Amino acid sequence: MERTASDIQIVRLIQRNREIDSGLPRWARRTNPIVRRQLGVAWRTMLPETRFLWQAFVVQSILILLTIPFPFLMDLTVPTITASILLMPLVIYLYGRALLLIGMAATQSITDELKNDTLNILRATPFSLNEIIGSKAAAAVWRQVEDLGLLLVAAALMSTPVLISYYAGMWSLDEHPLVTRSAVILGLAVSILRMMIEPMMVALVGVAMGATFKTRAAGVVAMIICGGFYFLLVNLSRFIPVEWPLKFLLDFALPIVLPFVVMGGALWLARYLLERS
């Protein structure tokens, strides 16, 4: 029997989902029994269009570099700056909402295990405690992956005009052509990478706070406070008046390195507390 176009599309979608899952660590895959148990029927999710994100980044980077020999191309971004500035607060709000839901789900997942005294059952499985913690956090991220995918696309398409406006006001496009354009390209890359890294960071913080306070309400409040402090630190550091080499570290290195430091600390804290629970 011949396959219809819709059947072929469904098969390709299933194969693509499996390919993306297979590229993840064992503890983060939806086929992992701990993740699958946490997700329930929500395991069938539409995954982010990572290929489109990469293509959008490459195309925009090339266009930005082309503005060096052809400065008039920069004028083409002017009409999009206003629209991007108006829509960006909505994207930030939706992103913050998704992170909040991720943190709450992660916190509840571990407090439920402690409340129901089922953590030892999980520890009897072939998975290490680190993998159990990671799976709890990954399941919380998987629940919001569809919304995060749409927000990633929006950020990839709308960030460039805002970044041009921001860095062109800091360094003249004529006096510092390479510095300004490098800042825009790096800013775009960091904007995309942050939205891939920070959800997992928030989820691990949620697990750590749930393991610390052992109640959902207290854990969620602590998670919000920790997350709020992190975002204030990362975003307010942009306003420190420094020269461009240090500015690059604050704007582009700090938002990528700090989440991994936080994740490592949250994982250690959660493991330390759960081993003694």
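The values are calculated or read from the model by the stated rules, or taken from the named source; none is laboratory data. As the structure is a prediction and not an experimental result, all values here were calculated from the model. Ideal geometry is used to build each Cβ from the backbone, glycine not excepted, and the neighbour counts take in all protein chains shown. Ligands, DNA and RNA are excluded from the accessible area calculation, which covers all protein heavy atoms including side chains. Shrake-Rupley method; radii C 1.70, N 1.55, O 1.52, S 1.80 Å.
Odds and ends about this structure:
- Residue with peak Gaussian network fluctuation, the chain [Cα springs, cutoff 10 Å], from 206, 169, 219: 169
- 29 Å Cα-Cα reach of residue 136 towards lysines, excluding residues that sit fewer than 8 places from it in its own chain: 115, 214
- Projecting the Cα atoms of 135, 157, 116 onto the charge dipole of the range 116-224 (Cβ charges, centred on the Cα centre) puts 116 farthest toward the positive pole.
- For the chain, adding -39500 (n - 2.57) for each run of n ≥ 4 DSSP H residues and dividing by the number of residues yields -26000 deg cm²/dmol at 222 nm.
- Surface composition of the chain: carbon and sulfur atoms hold 68% of the protein heavy-atom accessible area at a 1.4 Å probe.
- For the chain, built as a Gaussian network whose Cα springs stay under 10 Å, the top-fluctuating residue of 256, 121, 225: 121
- Value in Å of the Kirkwood radius, where the range 170-277 supplies the Cα pairs that are averaged: 15.5
- Å² of accessible area per residue within the chain, as computed with a 1.4 Å probe and no ligands counted: 55
- Length added when fully stretched, residue 277-residue 21, from 0.36 nm per residue minus Cα-Cα: 89.0 nm
- Considering every alpha-carbon pair of the chain, the percent of pairs per 5 Å bin, from zero through the bin containing the longest distance, is 1, 5, 11, 15, 15, 14, 12, 10, 8, 5, 3, 1, 0, 0.
- In the range 47-123, the convex hull through the Cα atoms has an average projected area of 8.3 nm², a quarter of its surface area.
- For the range 236-277, trypsin sites (Lys or Arg not before Pro) meeting the loop criterion (DSSP other than H, G, I, E, B) and having at most 10 other Cβ atoms within 10 Å: 276.
- Based on the convex hull around the alpha carbon atoms, the range 99-196 presents an average projected area of 8.4 nm².
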